[in-house]
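What follows draws every value from the coordinates through simple rules; no lab data is involved. Predicted model only: the values in this text are computed from it and were never measured. Cβ atoms come from the backbone with ideal geometry, glycine included; neighbour counts cover every protein chain shown.
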Amino acid sequence: MDYYYSPSTNGFYVTEIHGTNIPEDAVAITSQQHAELLFGQASGQQIIPDENGFPILIQPVPVFYIPTSITMRQCRLQLLADGKLDQVETAIASMPKAAQIEWEYAATVERSNPLVPALMQVAEWDENRVDQLFIDASKL
């Protein structure tokens, strides 16, 4: 059997199955390479084309889901775990009444809430650290 890999479709082709319906950019690979690539993919690796269009295996980059909201309970517990709860509550007490009401009575903390950047400054955190707060808090 003749095996081919197409970088444009990221797919494998076999002449006995696909006949002449093989993409023009397909490169020939051995049956052993085909088997190794499929085994690697089944083991959690990802098949991608290298700079010459030949298939290689890579470890996929994990994609992290950043929640857009967390409960106020989750937020407070995570701030407590991070050692920032007292600092944040002190800062909230000096903010306008609307911010205090938001902190006291909101059921959730939305990542897009204008209070979040204010809390970032208090905690001395950047965007990545706040994203991590939302990820960690969502697990509580």
Size of the chain as Cα extents on the principal axes (Å, biggest first)
74, 25, 24
Tell me, what ³J(HN,Hα) does each residue in the stretch 124-139 have, in order and in whole Hz, if you take phi through Karplus 6.51 cos²θ - 1.76 cosθ + 1.60 with θ = phi - 60° and put x for Gly and Pro?
6, 10, 9, 4, 5, 5, 5, 4, 5, 4, 5, 5, 5, 5, 5, 8
Taking the square root of 5 times each eigenvalue of the Cα gyration tensor, what semi-axes in Å does the equivalent ellipsoid of the stretch 69-138 have, largest first?
17, 13, 12
When Lys and Arg each count +1 and Asp and Glu each count -1, what net charge do the other residues less than 11 Å away from I70, Cβ to Cβ, add up to?
+2
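If I take all pairs of Cα atoms in the stretch 3-58, what percentage of them are more than 13 Å from each other?
Numbers: 859 of 1540 pairs.
For the stretch 3-58, the fraction of Cα-Cα distances above 13 Å is 56 percent.
At a Förster radius of 30 Å, what calculated FRET efficiency corresponds to the Cβ-Cβ distance of M120 and V61, to the nearest 0.05?
Working: r = 26 Å, r/R0 = 0.86.
So the FRET efficiency works out to roughly 0.70.
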Q121: net charge of surrounding residues, Cβ under 14 Å, Lys/Arg +1, Asp/Glu -1, itself excluded?
-1
Please list, in chain and number order, the residues 5+ apart from G11 or on another chain whose amide H is under 5 Å from its amide H, with Hs placed from the backbone.
S6
Enumerate by residue number the chymotrypsin sites (Phe, Trp or Tyr not before Pro) in the stretch 20-116 meeting two conditions: DSSP loop (anything except H, G, I, E, B), and at most 15 other Cβ atoms within 10 Å of the site's Cβ.
F64, Y65
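I need the calculated FRET efficiency for the pair I47 and Y105, taking r as the beta carbon distance and R₀ as 35 Å, to the nearest 0.05. Mind showing how you got there, number by number?
Values: r = 51 Å, r/R0 = 1.47.
Working from the Cβ atoms, E equals 0.10.
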Exposure proxy check on E89, E51: fewest-to-most Cβ neighbours within 10 Å is E51, E89
State the extension gain, in nm to one decimal, for the chain segment bounded by S94 and E24, taking 0.36 nm per residue of separation less the distance between their alpha-carbons.
18.5 nm
Compute the distance in nm between two label points, each set 7 Å from the Cα along the Cα-to-Cβ direction, one at V14 and one at M72.
6.2 nm
Radius 10 Å from Cβ of S6, net charge of other residues (Lys, Arg +1; Asp, Glu -1)
-2
